[in-house]
Amino acid sequence: MLGLGSFQNNSRSLTQLSFGIEMSKNLGFKGKLEAYDPVFTDLDCEFLEELNIEFNLEKLDVYNAKQPVIFYMPHCPISMYETLFKMNWTLERLCNIFLIGNCLKTYDLTIQLAKKKKYPFVFKACVIFESILFSKAFERPEIFNDLAFQWCEEIVAEKFLV
């Protein structure tokens, strides 16, 4: 779980964390949950520790897709998505990424050309990642607006990675 923000006095971050925990339970995930955000406070880290969630304050390996991984990145800045794709820009690694985050197709439609040049891997990923948008039927839609489940199919990626 990346970029959730501080949980102190922030119901949006707490709701997003709760969703991430419940999603992992529903998927039958047995491994360790991990979280990273540079704004985590000592109190946030204590809270995560109580929930048995590992937190990484040094982002060393948080973007690693050497094996299949779900990156839960609700409303992260585009720079974090750029880092994710840049660090994993091989066919095998891209196909290991299952992303729950800002809809990449929306970036492609709404971002100006200058920003597209600044974040080239995000805009390459827009073309090769499939997406299913989350429902907008939430009590507080701003918490999950524009989020999508996204993945890369090998047959599509092969065409763009030559």
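Let's see if you can work this out: charge +1 on each Lys and Arg Cβ, -1 on each Asp and Glu Cβ, no other charges. What is the dipole magnitude of the chain about its Cα centre, in debye to the nearest 20?
740
Between exposed trypsin sites (Lys or Arg not before Pro) in the chain, where DSSP calls loop and at most 14 other Cβ atoms lie within 10 Å, what's the longest gap?
In the chain, the maximal stretch lacking such sites is 67-135.
Let me spell out the model: positive unit charges on the Cβ of Lys and Arg, negative unit charges on the Cβ of Asp and Glu, origin at the Cα centre of the stretch 1-62. What dipole size does that give, in debye rounded to 20?
That gives a dipole near 340 debye.
Would you calculate the separation in nanometres between label points at Met23 and Trp89, each defined as 7 Å from the Cα along the Cα-to-beta-carbon direction?
2.5
5 Å is the cut-off here: which amide hydrogens, built 1.01 Å from N in the peptide plane, fall below it relative to Ala35, excluding neighbours closer than 5 in sequence?
Glu54, Phe55, Asn56
Hey, of [x] 15.6, 54; [y] 15.7, 47; [z] 33.7, 95, which did the structure itself give for Rg and Dmax of the Cα atoms in Å when calculated?
Recomputing Rg and Dmax of the Cα atoms in Å here picks out [y].
Is it possible to state the helix-based mean residue ellipticity at 222 nm for the chain, with each DSSP H run of 4+ residues giving -39500 (n - 2.57), the sum divided by total residues, to the nearest 500 deg cm²/dmol? What is it?
-11500 deg cm²/dmol
For the pair Val39/Val156, report the inter-label distance in nm, with labels modelled 7 Å from Cα in the Cβ direction.
A separation of 3.1 nm, rounded to one decimal place.
For the modelled label position 7 Å from the Cα of Ser135 along Cα-to-Cβ, which residues of the stretch 1-33 have backbone nitrogen atoms closer than 16 Å?
19, 23
Return, ordered by residue number, the residues of the stretch 66-92 whose backbone nitrogen is under 13 Å from a label point located 7 Å along Cα→Cβ of Asn145.
75
Beyond 26 Å between alpha-carbons counts as too far, so tell me which of Lys25/Lys66; Lys30/Lys86; Lys105/Lys136; Lys25/Lys136; Lys32/Lys66; Lys86/Lys136 fall in that bin.
The pairs that break the limit, which is 26 Å between Cα atoms, are Lys30/Lys86; Lys86/Lys136.
Answer rounded, prolate or oblate for the stretch 1-62, using the Cα gyration tensor with square roots of eigenvalues a ≥ b ≥ c: rounded when a/c is under 1.5, else prolate when a/b is larger than b/c, else oblate.
It comes out oblate by the Cα gyration axes.
Highest GNM mean-square fluctuation, the chain, Cα pairs closer than 10 Å: which of Gln112, Gln67, Gln16?
Result for the chain, Cα springs under 10 Å: Gln112 fluctuates most.
Looking at the stretch 69-162, which GluC sites (Glu not before Pro) are in a loop (DSSP not H, G, I, E or B) and have at most 16 other Cβ atoms within 10 Å?
Glu139, Glu153
Bear in mind that the values in this text are calculations on the coordinates, not laboratory data. Since the structure is predicted, the reported quantities are computational estimates derived from the model, not experimental observations. As a convention, Cβ positions derive from the backbone with ideal geometry for all residues, glycine included, and neighbour counts pool all protein chains shown.
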